[in-house]
Every structure is written in C-alpha cells, then in structure tokens.
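The values are calculated or read from the model by the stated rules, or taken from the named source; none is laboratory data. Everything quoted here is computed from the prediction, not taken from an experiment. Here the Cβ positions follow ideal geometry from the backbone for every residue, glycine too, while neighbour counts run over all protein chains shown. Remember, those area values only see protein heavy atoms, side chains included, never the ligands or the DNA or RNA. Shrake-Rupley method; radii C 1.70, N 1.55, O 1.52, S 1.80 Å.
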Amino acid sequence: MPSEQHQLIYPLKMNENEAQKQRLKAAVHYTVGRLCRNIAADCEKQITKQTIAAIAETTFRQCDIFAKDFEAFARHAKRHTVTVDDVKLTARRTTALYNYMQRKSEELALNNQELKEKRKSAAKRKSKDMEAEEENDVED
C-alpha cells in the first residue's frame, strides 16, 4: 500500500501535468486565434470564436498524436532522441506537409554545411595568424 507521503505527492504531480497541459492548450488557442484573425482580415471575412476553438482543439489533438508517433518511431529505432527523419516519417501521410518538411530539412542541412565551412575557414585563418605571430616572436 502506498505511503501517506506518496499519496500526497502523486496528486500534485497530476495537477502539475494537468496545469502544464492547460497552459499548452491556452498557448495553442491564442496562436490559432491570432492566425485566424490575420487570415480573416486578409480575406475580409469573419471567423467565429467557436470555429477558432474547434481549430485550436483539433490542432492540439493532432500535435499530441504527432508527439506519440515521434516517440514510437524513435523507440522502434532504439533511440531516445526524436530526429528529423521521425518527423518526416510522421508527415508522410500528408503530401503537402511532407514536401514542406523535406524542403525545410534540406534548407537546414545546407545552412549547417555552410556554418561548418565558415567555422573551418575561420579556424584555418586563426591558425595561420597564430603561426605568423609565432614567427614574428621568434624573429624578434
């Protein structure tokens, strides 16, 4: 039988988890509301609060499904970390989303490659500068 202390802590953890979930839901609702209002203004249309709430709830549930899929794919690959490949695998059901993810993945890979090259050339310059300083010190 669980101790009295365990019985007191467990509900607190549940409440903390529930509070975190409610904060996330509120953030999603706020963001969806802003997006909907911006789109509605651009199209000169109106979107009801009920519609925004429905879109926000659907978005939150879909994100929960995605998160579970990410975890399952990583676990299947015997990893503890979710990778870009897990995200692309989840997006495969939606062609437009998959294509978008593929483009973004390629952009990120290209940016990372450029950063590596810049760091490498900066390190070479620094190394050459240090060698030149050492030569100057020896000559003096």
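Which FRET efficiency value, to the nearest 0.05, do you get for Lys68 and Tyr100 by plugging their Cβ-Cβ distance into 1/(1 + (r/R0)^6) with R0 = 25 Å? Show your work: numbers first, answer last.
Numbers: r = 21 Å, r/R0 = 0.85.
Between Lys68 and Tyr100 the formula returns 0.75.
Split the accessible area of region 30-75 by element, probe 1.4 Å, and carbon with sulfur accounts for 57%. Applying the Karplus relation 6.51 cos²θ - 1.76 cosθ + 1.60 with θ = phi - 60° to region 64-75 yields 3J(HN,Hα) values of 5, 5, 4, 4, 5, 4, 4, 4, 5, 5, 5, 4 Hz, where x marks Gly and Pro. For region 29-82, the per residue solvent-accessible surface stands at 82 Å², with DNA, RNA and ligands left out and a 1.4 Å probe. Cross-linked pairs Lys88/Lys120; Lys25/Lys88; Lys78/Lys104; Lys21/Lys68: Cα-Cα separations exceed 21 Å for Lys88/Lys120; Lys25/Lys88; Lys78/Lys104.
Between the C-alpha center of region 101-130 and that of region 78-99 there is a gap of 25 Å.
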